[in-house]
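Comments concern the structure below.
Read-outs: derived from the displayed coordinates by stated rules, not from any lab. Quick caveat: nothing in here was measured; it's all calculated off a predicted structure. Glycine gets a Cβ as well: all are built from the backbone with ideal geometry, and neighbour counts include every protein chain shown.
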Number of protein chains: 2
Amino acid sequence: MRDACPVEAGQETQTGRLKAVERTTPQPKDFFIERDGVRYAGTHLIIDLWGAEHLDDIDLMERALRDAVDASGATLLHIHLHHFEPNGGVSGVAVLAESHISVHSWPERGYAAFDAFMCGDADPSLCVPVFEEAFSPERVEVQTHLRGRAL
Amino acid sequence: MRDACPVEAGQETQTGRLKAVERTTPQPKDFFIERDGVRYAGTHLIIDLWGAEHLDDIDLMERALRDAVDASGATLLHIHLHHFEPNGGVSGVAVLAESHISVHSWPERGYAAFDAFMCGDADPSLCVPVFEEAFSPERVEVQTHLRGRAL
């Protein structure tokens, strides 16, 4: 049985006012993953960058998020970034057909907290080199959760 | 030293088109947390609901996300939900002054994958009873990451 995972053709959505809800044409192409006998919904990476640069550059952050979506083979549905003062920190979320990528940065500490959750065939580990290239961290830590793992 | 954490007064933002970026008046009120001698940016909970109901109800999901933001003492900046067919799965993200809450649901499996990341004084653990009340899961699993923990 193919279990539908929320995926549709890759039209980026437009949002209006505070909330945006799209009811989409069904185009399921993904499903719960089964690898090495383990069945799960998707892979959720907790990615920490330390000693990183340019974490207050919201335009660079948007490019990095978009490049990470492309690198991992995911489909962007919606992206939102928010720039904070006085520290220049950036929060960003990219909603994907395959789940999401998020980031929150503390430029004054050189620290950025990313997470990348993707179901189906998209590979969130391919986000990591994109973030390394964009922000030149001294150290990167990645922790993995297999979300929806059947116990 | 107070390290600024991205937080501002609680004006919900309005988004225009695909991307929304707000440059906000500085009103820092939070900072890296230090508890029991451990210094970190915020608490990131990985929350799994199993045997849950109503996971295809996008209006209930939006109410649950908004109620979870309020219950945890966080400030909503932006919310976006997406409804998928044919399985009725919902993806949603709430961008907070204190970080974010996200959800991705698989109604056909009774499974919902939430995460709740909050810095400062907001308490993401207070989201969990809100989700339990809304979706009546048979089982809930919560895993905790202290993001930005100084090693």
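Within 10 Å of the Cβ of each residue in A:72-84, the mean number of Cβ atoms contributed by other protein chains is 6. Given a Förster distance of 30 angstrom, what is the FRET efficiency for residue A:139 paired with residue B:139, based on the Cβ-Cβ distance and rounded to 0.05? Efficiency at R0 = 30 Å is approximately 0.25. Inter-chain neighbour count for A:126-136: the average number of beta-carbon atoms from partner chains within 10 Å of each residue's beta-carbon is 0. Each copy carries a label point for residue B:50 at 7 Å from Cα along the beta-carbon vector; from one copy to the others these points are 3.4 nm apart, nearest first. Within segment A:64-151, the GluC sites (Glu not before Pro) that combine a DSSP coil assignment with at most 10 other C-beta atoms in a 10 angstrom radius are A:138.
Reported value for segment A:108-151: 87 Å³ per residue, from the convex hull of its C-alpha atoms. Quick check on segment A:57-151: take the gyration tensor over C-alpha atoms, sort the square-rooted eigenvalues as a ≥ b ≥ c, and tell me if it's rounded (a/c under 1.5), prolate or oblate. Judged from the Cα gyration tensor, segment A:57-151 comes out prolate (a/c at least 1.5, a/b above b/c).
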